[in-house]
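First comes the structure, then the notes that go with it.
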Amino acid sequence: MNKNYYAILMAGGVGSRFWPVSTTDFPKQFHDMLGSGSTLIQKTFSRLSKLIPAENILILTNERYNDLVLEQLPMVKQEQVLLEPAMRNTAPCILYASLKIQKQNPNALMVVAPSDHWIEDEDEFSRNLQQCFDFCQKENALMTLGIKPTFPNTGFGYIEFDKSDSNPIKKVNQFREKPDYQTAKSFLEAGNFLWNGGIFIWSVKAITEAFEKFQPQMNALFQLGVESYNTINENQFIDQNYANAENISIDYAVMEKAKNVYVLPATFDWNDLGTWGQLHEKLDKDEYNNGVINAKVVMENASNNIVRSDANKIIVIDGLHDYIIVDKEGVLLIYPKSKEQDIKRITALANEL
């Protein structure tokens, strides 16, 4: 176990497309979404700790989720949980964590990973991550793990790499925004495009230099707190200053501007579990492609549905095709899978009732 390896586990999202299971008070990363026996954040922490010392894994989350993190990850100490007093996207929290790690270990190599991805082949993930760490140890590189696209997905950003590069780790030409369907199809046909999975690897030196160059204002703000990081004064500094940071993603803030960006096409399976439809893909299904979590079901003339209940109750379905059926305490959702992107909007309407 290399003591120079660190991880930033991002666990501040709300996961509103998984309503009514995922709520603002109890978002999806703290749920066992697939009925596997572990929540998503527990699975992610376990996966990272195969390569990274547990004490070197920092969890970035919103203040309101502090107790949930400590309850689900009892091996984590309070000082490993970095609490965001305001929602400011990924760039500010990554800079904050990077400066904190740099003060502790200037030779650190880091991975930044979302807490809600589903990866089954964890050994292959570890091999890919080790490959990235080895590269970043030698090179001044900002790296990402790209996911080989399996269909023309319009819900992900894409990474375009140099087609002529025969090395396993490719030089990135550019990041591309979420495309329309025809553009996504052309990306797949070109063969040198990967999904942007939001997993980043770099040395603490490379990322702090990148922030200094591309985000001087944000860098200056967080540099004011360097003396307080890893001391009892850290929380006070963050509470007073964090909300002054620009609300911007790491992609826009650094990755799209930098020239030293590389990608490793991942060789592990990956699902970002962003919607009920993506969750349905990962479930065991019956002969009519129905996927069920925590429920006893009787189905007739029903296909391509996903059914979930927290109460282990019997659910009877007849004549439904391509639907999301979720029973959660005071809410019953029966919604077409084709309209799952609208669940975010419906959640807001339901919350007004």
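The values are calculated or read from the model by the stated rules, or taken from the named source; none is laboratory data. Just so it is clear, the model here is predicted, and its values are computed rather than measured. FYI the Cβ positions are ideal-geometry reconstructions off the backbone, even for glycines, and counts take in every protein chain you see. Accessible surface is based on the protein model in full, side chains and every heavy atom, while ligands, DNA and RNA are left aside. Shrake-Rupley method; radii C 1.70, N 1.55, O 1.52, S 1.80 Å.
Worth a mention:
- Convex hull of Cα atoms in the range 1-87, direction-averaged projection (nm²): 5.8 nm²
- The Kirkwood hydrodynamic radius of the range 42-114, based on inverse pair distances between different Cα atoms, is 12.9 Å.
- GNM result for the chain, Cα springs below 10 Å: residue of M87, M299, M110 fluctuating most strongly: M299
- The range 162-293 - percent relative contact order, Cα under 8 Å, separation 6 or more: 32 percent
- Percent RCO, i.e. relative contact order, over the chain, from Cα pairs under 8 Å lying at least 6 residues apart: 20 percent
- Restricting the calculation to Cα atoms, every distinct pair contributes to the Kirkwood radius of the chain, found to be 21.5 Å.
- Fraction of accessible area attributable to carbon and sulfur, the range 100-169 (%, probe 1.4 Å): 43 percent
- DSSP-loop chymotrypsin sites (Phe, Trp or Tyr not before Pro) across the range 58-131, with at most 16 other Cβ within 10 angstrom: none
- Over all pairs of different C-alpha atoms in the range 149-217, the reciprocal of the mean inverse distance, the Kirkwood hydrodynamic radius, equals 13.6 Å.
- For the range 76-144, trypsin sites (Lys or Arg not before Pro) are listed when DSSP marks them as loop and at most 12 other Cβ atoms sit within 10 Å of their Cβ; the list is K77.
- Solvent-accessible area, 1.4 Å probe, carbon plus sulfur percent, for the range 205-353: 48 percent
- Between G13, G35, G319, the GNM of the chain built on Cα springs shorter than 10 angstrom shows G319 fluctuating the most.
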